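Have a look at the structure below, then the notes.
The values are calculated or read from the model by the stated rules, or taken from the named source; none is laboratory data. Because the structure is predicted, anything quoted here is derived from the model rather than measured. Neighbour counts run over all protein chains shown; Cβ positions are idealised from the backbone, glycine included.
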């Protein structure tokens, strides 16, 4: 595998809708409780002193505030819990509403999953102490046993149970669990882990195969195409000893270069090095000179900057090489190359005339353009290859000077 083409599988990020599905469901239940008239009204004396009569719909105000607080439960769990408690206190001043308590329970669960272990322990102790204190007050003479027991049960349900469930999730298994159940859950998790690893392995192998195919195409495509074009031109022309000998020398040189590069690729694959440099160290001038030696007339404007990163330089060279090879195979044997460096991007444009008698269609499978597109996108760039209005083939590439990983 290669560093500029190897991809690792990462778990997909859940959508915003899935992240907030539980929150939406809880808020929906809370609103339903109010609509159904299940939210009570407290008869506190200060409301009469203020000349106000609480209404059931007043519960919607602290519930709306709670909805905004619940948006913070993932990024700011501690702050969300504190603000959620304040919303519950404000709602209790109006009356009892089970819906907003469900929202508080959701905040506590999220807090216990994402906060530090120390913060969770402190919150657990405070919740248990509060629940036990409510029960103790209920057992005192004149303490109102029924009311105290109700408050205690609500405290355990809303405060303690979410902390308990979240602690089991953080631990990965229930606190008290039968050995057989523990082993069964471990087997299920192990099987799920194996499936995930297998999926990641398939993605990695697929990415490596695409990289190998791209490298193989880049290494030999231009040389083999030049051999086919040179031999075809000689076969279709009248015999000429001097010209034919020169053509044979060109074919031999090109074929030897291709064999050397194939040998180098085989050595790289056998070594299994994950961070191998590009197989063929070819510079800007060499690519142009090689295309000209095969009969292509190249007009170049601008030069490639010397301070490009290795992967960006590799992409520029490969795109230039493939574009000139296509101009030689399918064009009128002329090409205009323009490279320009901006403040943040590098732009490359290769224009070639279209031939009235293009090469055999079997010489073009379209894989070269696909490989160029993949390489350009790998470093965060954009590529456009199309026939322009003046009957020329145009390849335009824009690459960021500061790479972005994808």
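When the residues of the range 301-322 are filtered to those that are assigned to a loop (DSSP other than H, G, I, E, B) and without any contact (Cβ under 8 Å) to a residue 40 or more places away in the chain, the one that is farthest from residue 287 (Cα to Cα) is 307.
Here residue 79 meets the list (1) under 33 Å from the mean Cα position of the chain (by Cα); (2) surrounded by 14 or more Cβ atoms within 10 Å (Cβ to Cβ) almost entirely, failing just condition (2).
Among the residues of this structure, residue 324 does not count as one that is closer than 30 Å to residue 246 by Cβ and modelled with pLDDT under 85.
Applying the set (1) farther than 30 Å from residue 57 by Cα; (2) at pLDDT below 90 to residue 122 leaves exactly one unmet item: (2).
Taking the listed residues 93, 72, 139, the one that is free of Cβ contacts under 8 Å to residues at least 24 places away in the same chain, farther than 16 Å from residue 30 by Cβ and either surrounded by fewer than 17 Cβ atoms within 10 Å (Cβ to Cβ) or not assigned by TED's automatic domain parsing to the domain that holds residue 33 (or both) is 139, with no other qualifying. Residue check: residue 215 meets all listed conditions (1) modelled with pLDDT under 80; (2) loosely packed, with under 15 Cβ neighbours inside 10 Å; (3) in a helix (DSSP H, G or I); (4) not assigned by TED's automatic domain parsing to the domain that holds residue 97 but one, namely (2). For the range 4-36, the set of residues classified as at pLDDT below 80 and loosely packed, with under 13 Cβ neighbours inside 10 Å consists of 8, 10, 11, 12, 13, 14, 15, 16, 17, 18, 19, 21, listed by residue number.
For (1) assigned to a helix (DSSP H, G or I); (2) closer than 26 Å to residue 231 by Cα; (3) at pLDDT below 85, each residue gets a yes or a no:
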site	(1), (2), (3)
332	no, yes, yes
335	no, yes, no
338	no, no, no
343	no, no, no
357	no, yes, yes
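Does residue 227 satisfy being modelled with pLDDT of 70 or more, under 30 Å from residue 372 (Cα atoms) and either surrounded by 14 or more Cβ atoms within 10 Å (Cβ to Cβ) or in contact with a strand residue (DSSP E or B) (Cβ under 6 Å, 6 or more places away or on another chain) (or both)? For residue 227, the condition - modelled with pLDDT of 70 or more, under 30 Å from residue 372 (Cα atoms) and either surrounded by 14 or more Cβ atoms within 10 Å (Cβ to Cβ) or in contact with a strand residue (DSSP E or B) (Cβ under 6 Å, 6 or more places away or on another chain) (or both) - is met. Taken over the range 267-292, the criterion of being more than 18 Å from residue 351 (Cβ to Cβ) and either at pLDDT 80 or above or not assigned by TED's automatic domain parsing to the domain that holds residue 375 (or both) is satisfied by 283, 285, 286, 289, 290.
Filtered by the rule that a residue be in contact with a strand residue (DSSP E or B) (Cβ under 9 Å, 6 or more places away or on another chain) and either surrounded by 15 or more Cβ atoms within 10 Å (Cβ to Cβ) or farther than 14 Å from residue 304 by Cα (or both), the range 334-349 gives 334, 335, 336, 337, 339, 341, 344, 345, 346, 347, 348, 349. Among the residues of the range 72-105, those identified as farther than 18 Å from residue 39 by Cβ and in contact with a helix residue (DSSP H, G or I) (Cβ under 8 Å, 6 or more places away or on another chain) are 72, 73, 74, 77, 78, 80, 81, 83, 85.
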